[in-house]
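Chemist: Sharing a structure below in structure tokens format, with a few things to ask.
The values are calculated or read from the model by the stated rules, or taken from the named source; none is laboratory data. None of these values were measured; they are calculated from a predicted model. With ideal geometry, Cβ positions are generated from the backbone for all residues, glycine too; neighbour counts draw on all protein chains shown. These accessible areas exclude ligands, DNA and RNA; they are computed on the full protein's heavy atoms, side chains included. Shrake-Rupley method; radii C 1.70, N 1.55, O 1.52, S 1.80 Å.
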2 protein chains.
Amino acid sequence: MTELDPAAGHLTLINTFDVEPNRAEELLAVLSRATEETIRHMPGFISANLHVSRDGRHVANYAQWRSQADMDAMLAQPTARVHMREAAAIARSFSPIVYDLREAHAAGAAA
Amino acid sequence: MTELDPAAGHLTLINTFDVEPNRAEELLAVLSRATEETIRHMPGFISANLHVSRDGRHVANYAQWRSQADMDAMLAQPTARVHMREAAAIARSFSPIVYDLREAHAAGAAA
């Protein structure tokens, strides 16, 4: 299970795909297969968490990497690039943004 | 610590704020205070996880709620609305999207 812990120091990549609702499940399947077959075996990969919006118009990947260098190395891999082109061909557009997790707040306890 | 578990059945709200880089920390502080003082005490709140992008142009809140009804009740609360207006006044724009977490993939183990 993925844990969100600001103290872990992971890089967080949130990639939000806009998609036609009738293609959301197809996009989910492509991202799932890319993660299982290729990306999760790469150095520095921590987790990928795939979401489908309730209106079917968005698919989001909340992914954790050890470092920017590890993520950059993945992005340069030919096998990863094939998967990304496949996902890009299904989505209308996508927006990858690299974050640091700064705070985690839970119900009934301080951050 | 926040756990991402598809079997938990939580609703996920990813709210992505666009912001001028010199106001990212101010927006983070407003969202942090709103969460601590108000939102985390509301029924059905599970977690809020605040991120700042490495380029300073985005702040993202990855929040978990028990249900759509709980989140809707929060959105209708006057105290929550005051905090949202405060955040909206600092951000250039924001995009809240409601998701279901479908898959969590970890390094070296099946989903």
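Chemist: State yes or no: is B:A7 free of Cβ contacts under 8 Å to residues at least 60 places away in the same chain, open to solvent by 50 Å² or more (accessible area, probe 1.4 Å), farther than 25 Å from A:P96 by Cβ and part of a helix (DSSP H, G or I)?
Modeler: Taking the combined requirement at face value, the residue satisfies it.
Chemist: For the stretch A:80-101, name all the residues that are part of a strand (DSSP E or B) and either crowded, with 17+ Cβ neighbours inside 10 Å or of a type in the set (F, W, Y) (or both).
Modeler: Residues satisfying the conditions are A:F94, A:I97, A:V98, A:Y99, A:L101.
Chemist: Residue under question is A:F45, and the condition is that it be without any contact (Cβ under 8 Å) to a residue 40 or more places away in the chain and among the aromatic types (F, W, Y); does it hold?
Modeler: So A:F45 fits the description; yes.
Chemist: Does the stretch A:49-56 include one or more residues that are open to solvent by 20 Å² or more (accessible area, probe 1.4 Å), under 16 Å from the mean Cα position of the chain (by Cα) and not aliphatic (A, V, I, L, M)?
Modeler: Keep residues of the stretch A:49-56 that are open to solvent by 20 Å² or more (accessible area, probe 1.4 Å), which gives A:54-55.
Narrowing the set further to residues that are under 16 Å from the mean Cα position of the chain (by Cα) leaves none.
Looking for residues that are open to solvent by 20 Å² or more (accessible area, probe 1.4 Å), under 16 Å from the mean Cα position of the chain (by Cα) and not aliphatic (A, V, I, L, M), one finds none in the stretch A:49-56, hence no.
Chemist: What are the residues in the stretch A:46-63 that are under 13 Å from B:A104 (Cα atoms), at the interface with chain B (Cβ under 7 Å from one of its Cβ atoms) and of a type outside the set (V, I, T), if any?
Modeler: Those that are under 13 Å from B:A104 (Cα atoms), at the interface with chain B (Cβ under 7 Å from one of its Cβ atoms) and of a type outside the set (V, I, T): A:S47, A:A48, A:N49, A:L50, A:H51, A:A60, A:Y62.
Chemist: Of the residues that make up the stretch A:37-45, is at least one of a type outside the set (F, W, Y), over 15 Å from B:H51 (Cβ atoms), within 11 Å of another protein chain (Cβ to nearest Cβ) and surrounded by 20 or more Cβ atoms within 10 Å (Cβ to Cβ)?
Modeler: yes
Chemist: For the list (1) in a helix (DSSP H, G or I); (2) within 8 Å of chain A (Cβ to nearest Cβ); (3) not acidic (D, E), I need the number of the one condition that B:A29 fails.
Modeler: (2)
Chemist: I've got another one for you. Can you find, within the stretch A:85-111, the residue that is nearest to B:V19 (Cα to Cα) among those that are touching a residue at least 24 places away in the same chain (Cβ under 8 Å) and more than 10 Å from chain B (Cβ to nearest Cβ)?
Modeler: Within the stretch A:85-111, the match that is nearest to B:V19 (Cα to Cα) is A:P96.
Chemist: Scan the stretch A:10-26 for residues that are part of a helix (DSSP H, G or I) and within 11 Å of another protein chain (Cβ to nearest Cβ) and jot them down.
Modeler: Within the stretch A:10-26, A:A24, A:E25 qualify.
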